[in-house]
Amino acid sequence: MVNVPDEHIIHVLNGKSSKVVDQWKLTGLNSNFPMAYDSLRHHLFVGFRSPSRLVVFDSETGEQIGSLPCTGDADDILYDADRKRVIVTGGSGYIDI
């Protein structure tokens, strides 16, 4: 998956050829920057800056399966598979777990 924030899209790439095989149009969500991936559960975690949200997508279908408010100006997302926790750091000076 590749974020394309200026176009409000996430591109899905073929793992072998790196060619775009699908794209997910993001409606009502802007400035998608950080991402983390849970390969076992096929969850893609994406941080948005406008509005400040953590959105969870099914990585096989592109379906949005969850959304929560998060720290402003999301800079990074880390996924702790052992504890099944998502950590979002933001330029607003906060960390959400």
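The values are calculated or read from the model by the stated rules, or taken from the named source; none is laboratory data. Every value quoted in this text rests on a predicted model; they were computed, and no experiment measured them. Positions of Cβ are backbone-derived with ideal geometry, glycine not excepted, and every protein chain shown enters the neighbour counts. We work out accessible area using only protein heavy atoms, side chains counted, and drop any ligands, DNA or RNA first. Shrake-Rupley method; radii C 1.70, N 1.55, O 1.52, S 1.80 Å.
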Output for the range 1-46, where each listed residue is closer than 24 Å to Asp96 by Cα, surrounded by fewer than 15 Cβ atoms within 10 Å (Cβ to Cβ) and charged (D, E, K, R): Arg41
Among Asp76, Asp82, the single one that is in a loop (DSSP other than H, G, I, E, B) and open to solvent by 60 Å² or more (accessible area, probe 1.4 Å) is Asp82
Across (1) among the basic types (Lys, Arg); (2) over 18 Å from Phe33 (Cβ atoms); (3) in a strand (DSSP E or B), Arg53 clears everything bar (2)
Taking interchain pairs and intrachain pairs at least six residues apart, which have beta carbon atoms under 7 angstrom, with the first residue in the range 76-96 and within 18 Å of His43 (Cα to Cα) and the second open to solvent by less than 90 Å² (accessible area, probe 1.4 Å) and of a type in the set (Asp, Glu)? Tyr79/Asp38; Ala81/Asp38; Ile87/Asp80; Val88/Asp96
Condition set under 12 Å from the mean Cα position of the chain (by Cα) and open to solvent by 50 Å² or more (accessible area, probe 1.4 Å), scope the range 47-62, selection nearest to Asp6 (Cα to Cα): answer is Arg49
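Tell me, yes or no, whether the range 20-28 has at least one residue that is in contact with a Cys (Cβ under 8 Å, 6 or more places away or on another chain) and either within 11 Å of Ala74 (Cβ to Cβ) or in contact (Cβ under 8 Å) with a residue 12 or more places away in the chain (or both).
No, the conditions are met nowhere in the range 20-28.
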In the range 60-95, the residues that are polar (S, T, N, Q) and more than 17 Å from His8 (Cα to Cα): Thr61, Thr71, Thr89, Ser92
Matching residues in the range 21-46 - criterion: being β-branched (Val, Ile, Thr) and farther than 13 Å from Asn3 by Cβ: Val21, Thr27
